Amino acid sequence: MRDRTDAAWEAYGRDDPYFGVLSDPRFHRGSLTADAMDDFFASGDRHVATVLKSVNELSGGQPSTGRALDFGCGVGRVLIPLAEHYERVTGVDVSASMLTEAAENCARAGVRNVDFVLSDGEGLPFDDSYDLVHSTMVLQHIRTRRGLQIIDGLLARLAGGGVAVLQFPLPVPSARRLEQFARAWVPPLNGVANLARRRPWSTPLMEMHGYSLDRLVALLHGRGIDKSMLERVRHGDFPGVILVCRRPRRAGVEASGS
């Protein structure tokens, strides 16, 4: 059975996909200008430049550029610049409408080395390994228990020497969790909150969920991650971190490359 958060993201993908990715009024579908679109995709370029800097740092300046996976790719904001640096890139999203928009954006940009996978992240429907596994501004919208399972699955798909770059928030304050619970289970409360924020009554709730560093460290150990680093970030009012971690190369591979 689909999670209600999955249904919410399909609604954003269908009705307001760019605002669903970056919650800035300029990116509402009804007011999206050419300049706003340029700014939207330029933000993806800047983000990927930061990602590649972190990958280079953790890889000792010798990262692999074979295959990359962008989990929660949305409309392709990050997928397109990743495709300039990796031979093949796979975009995964829970929203079919988001993937349709991403495919159109890739076509307009002349990007052809991409694949798209519709998935909720549980039991990811592919067995390939990737040199980069990336996700930003996605995991915070997934309930923690489910999100940890997804993170474990993503780490399992790292190739030897591969790097994961994953953004997630720290635990959400109890008052915000209570408000979110009420809005999720009493829909009229969500409608009232939307009106107070000058949004349409039916705007789906963007749930926010936090992750314990202890639980994440346990996942890293379980998947044999040998190097990792954390960078503090904020997403709106929520403190969070970007986790950058590397799976060790097999001994024979490391020896052949030395």
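Every read-out reported here was derived from the displayed coordinates using simple, explicitly stated rules and does not represent laboratory data. All figures in this text were calculated on a predicted structure; none of them were measured in a lab. Counting neighbours? That spans all protein chains shown, and the Cβs are built from the backbone with ideal geometry, glycine included.
Summary table
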| quantity | calculated |
| --- | --- |
| For the chain, calculated [θ]222 nm from helices alone, where every DSSP H run of n ≥ 4 adds -39500 (n - 2.57) | -13000 deg cm²/dmol |
| Sequence ranges 158-165, 13-20, ranked by mean other-Cβ count within 10 angstrom, highest first | 158-165, 13-20 |
| Förster radius 35 Å - calculated FRET efficiency between R46 and S129, Cβ distance, rounded to 0.05 | 0.80 |
| Rounded tilt (10° steps) of 4-15 against the dominant C-alpha axis of the chain | 80 degrees |
| Loop sites in the range 42-147: GluC sites (Glu not before Pro), DSSP, at most 16 other Cβ within 10 Å | E84, E87, E122 |
| Kirkwood Rh, Cα atoms: Rg over Rh of the chain | 0.97 |
| Binned Cα-Cα distances of the range 15-155, short to long, each 10 Å bin given as a whole percent | 11, 42, 36, 10, 0 |
| Cα long-axis angle, helix 213-222 against the chain (0 to 90 degrees, to the nearest 10) | 40 degrees |
| Rounded tilt (10° steps) of 144-156 against the dominant C-alpha axis of the chain | 30 degrees |
